[in-house]
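First comes the structure, then the notes that go with it.
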Amino acid sequence: MSVPYDDVERFVRDEVAALTSKPGDEVTPETVLIGSGRVVDSADLVMLLLSSEEFARERLGAAFDWTSDSAMSQARSVFRSVGSLARHLTALQTT
Amino acid sequence: MDTVIVTGASRGLGRYCADQLHNGGYRVIGLGRTTPSDAAFETRVTDVTDAASIADSISDVRRDAGVYALINAAGIASMNLVVTTPAATVRRIIETNLLGTIYCCQQVAPALIKRGGGRIINFSTLGVRLAIKGEAVYIASKAGVEGFSRAFAREMAPHGVTVNTIAPGPIETALIAKVPKKNVEEVVSRQIIPRQGQPEDVWNILSLLLSPAGAMISGEVIHVGGA
């Protein structure tokens with residue numbers, strides 16, 4: 001059975017909150033991860049990707065490739081926000 | 001037991017370093033196009049020009065916090081004038097020396113980040129400094145390695161990982177046995193220390209970088225013999 005989007009989003013929000021020491025309710029799907037207005041630095045982003053990879057493998061049964069072409073563009077990147085990352089992770093279950 | 005991944009471990013300096021690391025108590029995973037039958041360390045056939053091949057080859061350890069270091073010693077050379085070097089050879093040299101180094105760093109760095117520290121040691125050549133005639137393509141690939149390593153060192157510093165480059169001159173290994181003695185002597189004469197380096201000279205620098213004493217050395221290119 002696949003993990004619903006809300007659970008994946010909660011995982012990403014909790015991870016970002018822990019990395020940034022922000023209260024959980026301050027991290028939303030719109031919270032920016034790369035580019036202008038980002039809340040995590042590059043080192044934290046790498047830690048987020050590592051934990052996301054582990055989450056994808058263990059909870060979603062899927063492989064999360066950080067180096068996909070979509071990661072290159074700030075406009076299209078799956079890393080641009082909490083919501084986009086959560087949507088990407090959720091979608092891995094069906095690919 | 002800490003794990004060290006060594007590319008180009010089937011011969012030359014990569015093999016020498018892999019043997020030394022194994023004898024020093026590390027778990028060594030040697031990657032190479034061929035696997036030497038006489039190696040005392042673990043070996044895996046890997047094409048460093050193919051990121052997927054690297055990922056497959058080290059799939060069991062690429063997120064393993066037991067990995068302490070990556071040594072990118074895989075490399076090829078082709079001594080030739082630029083105008084007579086086939087395009088396929090140019091591509092092969094750049095793919096193996098530069099892209100191979102970058103791909104391996106991409107694949108192994110997450111394990112070091114997960115560990116919270118580690119070492120990456122890449123290989124260049126004294127030729128970058130000396131601008132040796134007949135080695136322009138090889139030197140271009142290694143200059144790329146030096147630039148990549150310096151910038152990558154900044155990226156890895158917040159994670160406690162150092163990234164350095166060792167740039168040897170013509171080290172006495174089987175790989176340069178076919179190079180005319182006159183050519184070797186000419187390069188050696190341009191070194192600050194005009195003596196042909198031995199594999200142990202490279203190993204001494206590498207072991208310093210691997211040791212706790214190397215914790216504040218990063219983004220450096222260390223020229224063996226000086227240039």
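Output yes when any residue across segment B:119-131 is surrounded by fewer than 22 Cβ atoms within 10 Å (Cβ to Cβ) and either at pLDDT below 95 or part of a loop (DSSP other than H, G, I, E, B) (or both), and no when none is. Write out each step before concluding.
Step one: of segment B:119-131, the residues surrounded by fewer than 22 Cβ atoms within 10 Å (Cβ to Cβ) are B:129-131.
Now restrict to residues that are either at pLDDT below 95 or part of a loop (DSSP other than H, G, I, E, B) (or both): B:131.
Yes, segment B:119-131 has at least one match.
Quick one: which helices (runs of 4 or more DSSP H) lie wholly within segment B:1-100 and hold at least 3 residues that are closer than 27 Å to residue B:211 by Cα and touching a helix residue (DSSP H, G or I) at 6+ places or on another chain (Cβ under 6 Å)? Steps first, answer last, please.
Numbers: elements: B:12-23, B:51-57, B:87-93.
Qualifying helices (runs of 4 or more DSSP H): B:12-23.
Answer with yes or no whether residue B:85 is crowded, with 17+ Cβ neighbours inside 10 Å, more than 14 Å from chain A (Cβ to nearest Cβ) and touching a Phe, Trp or Tyr at 6+ places or on another chain (Cβ under 8 Å). Spell out how you get there, then give the answer.
On the way: crowded, with 17+ Cβ neighbours inside 10 Å: yes; more than 14 Å from chain A (Cβ to nearest Cβ): yes; touching a Phe, Trp or Tyr at 6+ places or on another chain (Cβ under 8 Å): no.
No; evaluated as a whole, the condition is false for this residue.
Of everything in segment B:145-180, what is surrounded by fewer than 17 Cβ atoms within 10 Å (Cβ to Cβ) and either in contact with a His (Cβ under 8 Å, 6 or more places away or on another chain) or closer than 27 Å to residue B:113 by Cβ (or both)? Give them in sequence order.
Listed by number, the residues that qualify are B:147, B:150, B:151, B:154, B:155, B:157, B:158, B:160.
Based on what the data block shows, is residue B:142 crowded, with 18+ Cβ neighbours inside 10 Å, within 14 Å of chain A (Cβ to nearest Cβ), touching a residue at least 40 places away in the same chain (Cβ under 8 Å) and of a type in the set (D, E, K, R)?
Working: crowded, with 18+ Cβ neighbours inside 10 Å: yes; within 14 Å of chain A (Cβ to nearest Cβ): no; touching a residue at least 40 places away in the same chain (Cβ under 8 Å): yes; of a type in the set (D, E, K, R): yes.
When the stated conditions are applied, residue B:142 does not pass them.
With the condition kept exactly as written, say whether any residue in segment B:158-178 is farther than 24 Å from residue B:11 by Cα and touching a residue at least 60 places away in the same chain (Cβ under 8 Å).
Pass one, segment B:158-178, residues farther than 24 Å from residue B:11 by Cα: B:158-162.
Checking the rest, the ones that are also touching a residue at least 60 places away in the same chain (Cβ under 8 Å) come to none.
Looking for residues that are farther than 24 Å from residue B:11 by Cα and touching a residue at least 60 places away in the same chain (Cβ under 8 Å), one finds none in segment B:158-178, hence no.
When you scan segment B:192-223, how many residues do you find that are of a type in the set (S, T, N, Q) and touching a helix residue (DSSP H, G or I) at 6+ places or on another chain (Cβ under 8 Å)?
At the first step, the residues of segment B:192-223 found to be of a type in the set (S, T, N, Q) are B:196, B:198, B:204, B:207, B:211, B:218.
Now drop any that are not touching a helix residue (DSSP H, G or I) at 6+ places or on another chain (Cβ under 8 Å), which leaves B:196, B:207, B:218.
Of the residues in segment B:192-223, 3 are of a type in the set (S, T, N, Q) and touching a helix residue (DSSP H, G or I) at 6+ places or on another chain (Cβ under 8 Å).
For segment B:64-81, indicate whether the set of residues that are out of contact with any Phe, Trp or Tyr (no Cβ under 8 Å at 6 or more places or on another chain), within 24 Å of residue B:118 (Cα to Cα) and free of Cβ contacts under 8 Å to residues at least 40 places away in the same chain is non-empty.
no
Scanning for something in contact with a helix residue (DSSP H, G or I) (Cβ under 9 Å, 6 or more places away or on another chain), surrounded by 18 or more Cβ atoms within 10 Å (Cβ to Cβ), within 21 Å of residue B:109 (Cα to Cα) and within 14 Å of another protein chain (Cβ to nearest Cβ), does segment A:15-30 turn up at least one residue?
yes
Checking residue A:67 against (1) of a type outside the set (A, V, I, L, M); (2) touching a helix residue (DSSP H, G or I) at 6+ places or on another chain (Cβ under 8 Å); (3) away from chain B (no Cβ under 14 Å); (4) exposed (fewer than 15 other Cβ atoms within 10 Å of the Cβ), which test does it fail?
(3)
Would you point out which residue out of B:56, B:38 is within 14 Å of chain A (Cβ to nearest Cβ) and surrounded by fewer than 19 Cβ atoms within 10 Å (Cβ to Cβ)?
Values: B:38 fails: within 14 Å of chain A (Cβ to nearest Cβ).
Being within 14 Å of chain A (Cβ to nearest Cβ) and surrounded by fewer than 19 Cβ atoms within 10 Å (Cβ to Cβ) holds for just one of B:56, B:38, which is B:56.
Considering only segment B:59-76, state which residues are within 14 Å of another protein chain (Cβ to nearest Cβ), over 19 Å from residue A:68 (Cα atoms) and either buried (at least 24 other Cβ atoms within 10 Å of the Cβ) or not small (Gly, Ala, Ser) (or both).
Kept after step one, since they are within 14 Å of another protein chain (Cβ to nearest Cβ), are these residues of segment B:59-76: B:59-60, B:62-65, B:67.
Next, from what is left, pick out any that are over 19 Å from residue A:68 (Cα atoms): B:60, B:64-65, B:67.
Hits for segment B:59-76 are B:60, B:64, B:67.
Of all the residues that make up segment B:145-154, how many are in contact with a helix residue (DSSP H, G or I) (Cβ under 7 Å, 6 or more places away or on another chain) and without any contact (Cβ under 8 Å) to a residue 24 or more places away in the chain?
Of segment B:145-154, the ones in contact with a helix residue (DSSP H, G or I) (Cβ under 7 Å, 6 or more places away or on another chain) are B:145-146, B:148, B:152.
Okay, now just the ones that are also without any contact (Cβ under 8 Å) to a residue 24 or more places away in the chain, so none.
Total satisfying the criteria: 0.
Can you tell me which residue within segment A:31-56, out of those that are surrounded by fewer than 19 Cβ atoms within 10 Å (Cβ to Cβ), within 12 Å of chain B (Cβ to nearest Cβ) and of a type in the set (Ser, Thr, Tyr), is farthest from residue A:76 (Cα to Cα)?
Filtering first and then ranking leaves A:51.
Among the residues of segment B:189-227, which ones are farther than 25 Å from residue B:24 by Cα and hydrophobic (A, V, I, L, M, F, W, C)? Spell out the reasoning first.
First pass over segment B:189-227, keeping only residues farther than 25 Å from residue B:24 by Cα: B:189-196, B:219, B:226-227.
Residues satisfying the conditions are B:192, B:193, B:227.
Just one of the numbered conditions (1) touching a strand residue (DSSP E or B) at 6+ places or on another chain (Cβ under 7 Å); (2) under 22 Å from residue B:150 (Cβ atoms) is not true of residue B:98; which one?
Answer for residue B:98: the failing condition is (1).
The values are calculated or read from the model by the stated rules, or taken from the named source; none is laboratory data. All figures in this text were calculated on a predicted structure; none of them were measured in a lab. Positions of Cβ are generated from backbone atoms using ideal geometry, with glycine treated the same way; all protein chains shown enter the neighbour counts.
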